[in-house]
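Remarks on the structure that follows.
Derivation of every value follows stated rules applied to the coordinates shown; laboratory data play no part. Computed from a prediction, not measured in an experiment: that's the story for all the values here. FYI the Cβ positions are ideal-geometry reconstructions off the backbone, even for glycines, and counts take in every protein chain you see.
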């Protein structure tokens, strides 16, 4: 049997890394951070335990990369969803979709996002990785499409506002309503409520 080519080996490594990231998202969402071990993640991913150490320095770094991957995939899907925005109002629609995508991740996976935000407030802090850079690039481009003349200032502000809204939405014992937080962000950027993916108001019946 001939040895695998470098490109095949690279693709296998990429898939293994993705399986580890997805397993982390699923398990921490189900069990919480403390109850999820690296062995659990390796088993769920069908990978050797040592493979995690090959890709990630530790459990916190693995979690941050996994969440950032989930966020950038969710954001990319929202921005590309048909019908794609065109014309003068495209920038507003894209920013509305971006806000809804990030707040939506927190709403749909609260246990995961609480663990993620808690980790960033600990000593390891905010970890820059490939997944985070992809998320940052998408958000920065959205700010540019919205009409920013100074994206290097406006992108960090949007990031900070989204992080603050996520924390407020997940605060144990005193969470802010999703619709209220969305409304505040939309008002700040002068976005009509009907843009993006308007949620059903908390407590209201879902549309058929």
- Query: Taking springs between alpha-carbon atoms closer than 10 angstrom, which of 131, 82, 30 fluctuates most in the Gaussian network model of the chain?
  - Reply: 82
- Task: Report, to the nearest 10°, how far helix 130-145 tilts away from the longest principal axis of the Cα atoms in the chain, using its own Cα long axis and a range of 0 to 90°.
- Result: 20 degrees
- Item | Gained length - residue 160 relative to residue 120, 0.36 nm times residue gap less alpha-carbon distance | 13.1 nm
- Query: So what's the angle, to the nearest 10 degrees on a 0 to 90 scale, between helix 178-188 and the longest Cα principal axis of the chain?
  - Reply: 60 degrees
- Determine the distance separating the Cα centre of segment 44-68 from the Cα centre of segment 143-194; give it in Å without decimals. 30 Å
- State whether segment 133-195 is rounded, prolate or oblate according to the following rule on the C-alpha gyration tensor (a ≥ b ≥ c being the square roots of its eigenvalues): a/c under 1.5 gives rounded; otherwise a/b larger than b/c gives prolate, and the remaining case gives oblate. oblate
- Computed helical MRE - 222 nm, the chain, DSSP H runs ≥ 4 contributing -39500 (n - 2.57), nearest 500: -22000 deg cm²/dmol
- To the nearest 10 degrees, how steeply does helix 90-108 sit against the main Cα axis of the chain, on a 0 to 90 scale? 60 degrees
- Note on the structure: Per GNM of the chain with C-alpha springs under 10 angstrom, the most fluctuating residue out of 164, 173, 147 is 173
- Note on the structure: Cα gyration tensor of the chain diagonalised, 5x eigenvalues square-rooted, in angstrom largest first, produces semi-axes 32, 21, 16
- Item | For segment 17-121: span of alpha carbons on each principal axis (Å, largest first) | 51, 23, 21
- Given R₀ = 25 Å, FRET efficiency for residue 152-residue 15 by Cβ-Cβ distance, to 0.05? 0.10
